[in-house]
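Below you'll find the structure, written out as C-alpha cells, and then a few comments.
The values are calculated or read from the model by the stated rules, or taken from the named source; none is laboratory data. Fair warning: this is a prediction, and the values are worked out from it, not measured in the lab. All Cβ positions, glycine included, derive from the backbone under ideal geometry; neighbour counts span all protein chains shown. Surface areas here come from the heavy atoms of the whole protein model, side chains and all, with no ligands, DNA or RNA. Shrake-Rupley method; radii C 1.70, N 1.55, O 1.52, S 1.80 Å.
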Amino acid sequence: MPQPARIPAAVGLPLALAAGMAIPAQSRVNGELGAALDDSLAAALVSFGVGLAVMILVTAVLPRGRAGFGQILPALREKRFPRIYILAGVIGAWFVLTQTLTIAVLGVAVFTVATVAGQTLTGLVVDRMGIGPGGRKTLTLMRVVGAVLTIAAVAWAVSPKLSGTGGTGDWLLAVLLPLSAGMAMSFQQAMNGTTGMHYGTPITATLLNFVSGFAALAILWLIKIAVSGTGNPLPDTWWFYLGGPLGCIFIGVSAMLVKTLGVLLTSLGLIGGQLIGSLLLDIFVPAPGSVVVAATVLGTGLTLAAIVVATLPWNMPGFRPWTGRGRR
C-alpha cells in the first residue's frame, strides 16, 4: 500500500496556516445560514451534508480516492488501527454543537480562547503519547513555551471583545464545553492522520469524518424537530453552502500534515491561520459592529512568533528534549 510522502515543515506550516484560514470563513458562512434558517443545528447539518456530497464526488473522481475507499474494509478487518477511529467525525459534530450551545452565552472571543487552550494543551499530550501517525514527538522546553505563548497570544488578540461578555458566573460552567471540544480536536487530528496513513490518502479519512459527523448531527436534528419543529426553508443564496467545502479543506489538510508535523505543530499552524483569517475578514469583509484594533493585529503576530518558537530545533545548551527518563 503506498504511503503518503512526508512534507517538510517549511511547506507544511504554510499549508496549515492556509487551512486554518478556512475556519473563520466557515463560521461566517454557517452563521449566516443559521440566521436564515433560524436553526443553528440545521445549519450545521446542511454544512456537513454539502461537505459529505463533495467528498463523495472527490472519492469517485480521483484514483487515490477510489483506492483509499477500497482500503476501508481491509483496514477494519486487519485492525490496522483502533476501529473507533472511524468515528473521528463525531468530534467535529461535538465542536459544532458546543458552538451552537455556548456562543450566545460566551461570545466568540471566550469560545475561541477556550477551544485554543484545549487544543494546544492536548496537542502536547497527544504528541507525547504517540497517538498520531508520526509516533512519539519529543517534548522540548521550547515546544511547551510555544504552546503557552499561543494561548496567551490568542487571548491577547481577542481581548478587546472579552469585555462584552457577561459576569463570570454566567459563562464559567459553559466554557467547559468548548474547552472539551478543543481538547478532543487534537485527538481527532491524530485519529485522522493515522487512518489516512493506512488508507493511503487523507481523502478517505476526510470522507468518513463527514459520514460519521453527518450521522451524529442528523440524529440530534431529528430529536430537535420532534421537540420544537423545523425552522425556515433552505435559502437560495449560493455562498451559504460553502461551509461544507471549507470544512473539507480543513480536515483533509490537517489529516495530511499530522504525520510530518505532529499534532501540536499542526494545531499551532491551524490556530495561526484561524487568527489571520479572522483578521482579514474583519478588515475586508467586516461583520456589523466589528472593529480591528492594535491588540488583534499584535496578538496575531505573537501567535506566528509562537509557532516559530515551537518549530525551530533550538539545539542549544539548556534546551534539551524531555524524554520522561531521569538523568543517569
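Name the one entry in ALA310, ALA305 that is modelled with pLDDT of 75 or more and either open to solvent by less than 70 Å² (accessible area, probe 1.4 Å) or within 12 Å of ALA153 (Cβ to Cβ) (or both).
Values: ALA310 fails: modelled with pLDDT of 75 or more.
Sole residue among the options that is modelled with pLDDT of 75 or more and either open to solvent by less than 70 Å² (accessible area, probe 1.4 Å) or within 12 Å of ALA153 (Cβ to Cβ) (or both): ALA305.
Of all residues in the range 58-83, which are open to solvent by 70 Å² or more (accessible area, probe 1.4 Å), part of a helix (DSSP H, G or I) and either out of contact with any helix residue (DSSP H, G or I) (no Cβ under 9 Å at 6 or more places or on another chain) or in contact (Cβ under 8 Å) with a residue 24 or more places away in the chain (or both)?
Selection gives VAL61, PRO63, ARG64, PHE69, LEU73, ARG77.
Just for the range 122-148: of the residues that are farther than 19 Å from GLY196 by Cβ and surrounded by 21 or more Cβ atoms within 10 Å (Cβ to Cβ), which one is modelled with the lowest pLDDT?
My answer is ARG143.
Checking the conditions here, which among GLY252, GLY326, GLY243, GLY272 is within 24 Å of VAL96 (Cα to Cα), at pLDDT below 85 and open to solvent by less than 70 Å² (accessible area, probe 1.4 Å)? Quick ask: steps written out before the conclusion?
Numbers: GLY252 fails: at pLDDT below 85; GLY326 fails: within 24 Å of VAL96 (Cα to Cα); GLY243 fails: at pLDDT below 85.
Result of the check over GLY252, GLY326, GLY243, GLY272: GLY272.
Could you grab me the full set of residues in the range 3-57 that are within 18 Å of VAL285 (Cβ to Cβ) and open to solvent by less than 20 Å² (accessible area, probe 1.4 Å)?
Of the residues in the range 3-57, the ones within 18 Å of VAL285 (Cβ to Cβ) are 18, 20-36.
If the condition is that a residue be within 18 Å of VAL285 (Cβ to Cβ) and open to solvent by less than 20 Å² (accessible area, probe 1.4 Å), then GLY20, ALA22, PRO24, VAL29, LEU33, GLY34 are the ones that fit.
Check ALA190 against each of (1) at pLDDT 90 or above; (2) among the aliphatic types (A, V, I, L, M); (3) closer than 17 Å to GLY132 by Cα and name the one condition it does not meet.
(1)
Of ALA25, ALA35, which residue is without any contact (Cβ under 8 Å) to a residue 12 or more places away in the chain and of a type in the set (Gly, Ala, Ser)? It would help to see each step written out before you state the result.
On the way: ALA25 fails: without any contact (Cβ under 8 Å) to a residue 12 or more places away in the chain.
Going through ALA25, ALA35 in turn, just one is without any contact (Cβ under 8 Å) to a residue 12 or more places away in the chain and of a type in the set (Gly, Ala, Ser): ALA35.
Considering only the range 55-64, I want to know if a residue exists there that is of a type outside the set (D, E, K, R) and under 23 Å from GLN274 (Cα atoms). Let's see the steps before the verdict.
Of the range 55-64, the ones of a type outside the set (D, E, K, R) are 55-63.
Next cut, under 23 Å from GLN274 (Cα atoms) only: 55.
Checking the range 55-64: at least one residue is of a type outside the set (D, E, K, R) and under 23 Å from GLN274 (Cα atoms).
Please state which of the following conditions LYS259 fails to meet, knowing it meets all the rest: (1) at pLDDT 90 or above; (2) assigned to a helix (DSSP H, G or I).
Of the numbered conditions (1) at pLDDT 90 or above; (2) assigned to a helix (DSSP H, G or I), the odd one out for LYS259 is (1).
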